[in-house]
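**Student:** So that we are looking at the same thing, I have put the structure below in C-alpha cells.
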Amino acid sequence: MTQSAVPSPSGALVPSTSSTATPNMVPLFDFILVHVPPPMHLNDPRPFLMLTVQIESNLYVAMLYVGRIHPGILRVGDVLWGLDVKGQQVGKGKVKKIFARKGLESIEKDAAGAGEIASVAGVKNARVNVTLVQMEGWGGEGPKLLPVSWRIYVHS
C-alpha cells in the first residue's frame, strides 16, 4: 500500500493510504493549478526591468547577464541600460540573444516576460547587482531601481 496526499472536500491536502494512490506528483500539480491564483505582477504595464544576479560566459555570444524579469517584456533588438545601485549608467547595449531555462537546458527565445529567469546577451560593461532597464516608456518618474541586499550568516 502506498501513501500520498489527496485533496479533501474542504481543499486541504490529507494523507491517503489508498491502494489507488498514484506514485507521482501529477495530482498535486493539478490541485495547485486549480486552487492557487496566478501571480498578479505579471500584468504590470511598465517597461522591462531585471536585476543581474549572475554572469555567465558563452563562447558564441560572450557575456550573459542572468536575472528574474520583474515588469515588462524583453525582446531581441531592445536597447538596455545597466544602472548601478546609485542609478548611474554603467553599461548599455542592444539585446542580441535571450535564453530561458527549461530544467537544466538553456533554450533560446525571441522574447521573455515578467516572472521568467532569463540570460541576456548584448549589454556591455554591466556586472552583478546592476539593474538592466529599457529607458523608454517610464515617463517623468524614470525607472525604479530594484533593491540590492545582502545577508550575512554566522555559523557556529
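**Student:** Return a yes/no flag: does segment 103-111 have any residue that is in contact (Cβ under 8 Å) with a residue 24 or more places away in the chain and farther than 20 Å from ARG46 by Cβ. Quick ask: steps written out before the conclusion?
**Tutor:** Kept after step one, since they are in contact (Cβ under 8 Å) with a residue 24 or more places away in the chain, are these residues of segment 103-111: 110-111.
Restricting the remaining residues to those that are farther than 20 Å from ARG46 by Cβ gives 110.
Scanning segment 103-111 turns up at least one residue that is in contact (Cβ under 8 Å) with a residue 24 or more places away in the chain and farther than 20 Å from ARG46 by Cβ.
**Student:** Moving on. In segment 54-69, what residues are at pLDDT 85 or above and of a type in the set (Val, Ile, Thr)?
**Tutor:** Correct list: ILE55, VAL66, ILE69.
**Student:** Going residue by residue through segment 40-47, is there one that turns out to be closer than 28 Å to LYS124 by Cα, in contact with a Lys or Arg (Cβ under 9 Å, 6 or more places away or on another chain) and modelled with pLDDT of 85 or more?
**Tutor:** We begin by selecting, within segment 40-47, every residue closer than 28 Å to LYS124 by Cα; these are 42, 44-47.
Then drop every residue that is not in contact with a Lys or Arg (Cβ under 9 Å, 6 or more places away or on another chain), which leaves 46.
Filter once more, keeping what is modelled with pLDDT of 85 or more: none.
No, the conditions are met nowhere in segment 40-47.
**Student:** Name every residue in segment 135-156 that is in a loop (DSSP other than H, G, I, E, B), charged (D, E, K, R) and loosely packed, with under 14 Cβ neighbours inside 10 Å, in order of residue number.
**Tutor:** Restricting attention to segment 135-156, the residues satisfying the condition of being in a loop (DSSP other than H, G, I, E, B) are 135-138, 142-156.
Filter again for charged (D, E, K, R), leaving 136, 144, 151.
Residues satisfying the conditions are GLU136, ARG151.
**Student:** Of the conditions (1) in contact with a Gly (Cβ under 6 Å, 6 or more places away or on another chain); (2) of a type in the set (A, V, I, L, M, F, W, C); (3) at pLDDT 90 or above, ALA126 satisfies every one except a single condition; which number is it?
**Tutor:** Here ALA126 clears every test but (3).
**Student:** Which strands (runs of 3 or more DSSP E) does segment 19-129 wholly contain that include 3 or more residues that are surrounded by 16 or more Cβ atoms within 10 Å (Cβ to Cβ)?
**Tutor:** 49-51, 62-68, 79-83, 89-102, 117-124
**Student:** Using the structure shown, decide if LEU51 is at pLDDT 75 or above and within 14 Å of the chain's Cα centre (by Cα).
**Tutor:** Values: at pLDDT 75 or above: yes; within 14 Å of the chain's Cα centre (by Cα): yes.
Judged against the criteria, LEU51 is a match.
**Student:** Quick one: what pairs do we get from segment 19-44, first residue among the β-branched types (Val, Ile, Thr), second modelled with pLDDT under 70, C-beta under 7 Å, 6+ apart or different chains?
**Tutor:** Going by the 7 Å Cβ cut-off, the qualifying pairs are THR22/SER4.
**Student:** Also: Looking at this structure, is LEU132 of a type outside the set (D, E, K, R), at negative phi and part of a loop (DSSP other than H, G, I, E, B)? Break it down into steps so the answer makes sense when it comes.
**Tutor:** Details: of a type outside the set (D, E, K, R): yes; at negative phi: yes; part of a loop (DSSP other than H, G, I, E, B): no.
So LEU132 fails the test.
The values are calculated or read from the model by the stated rules, or taken from the named source; none is laboratory data. Fair warning: this is a prediction, and the values are worked out from it, not measured in the lab. Don't worry about glycine lacking a Cβ; one is built from the backbone with ideal geometry, like all the others, and counts go over all protein chains shown.
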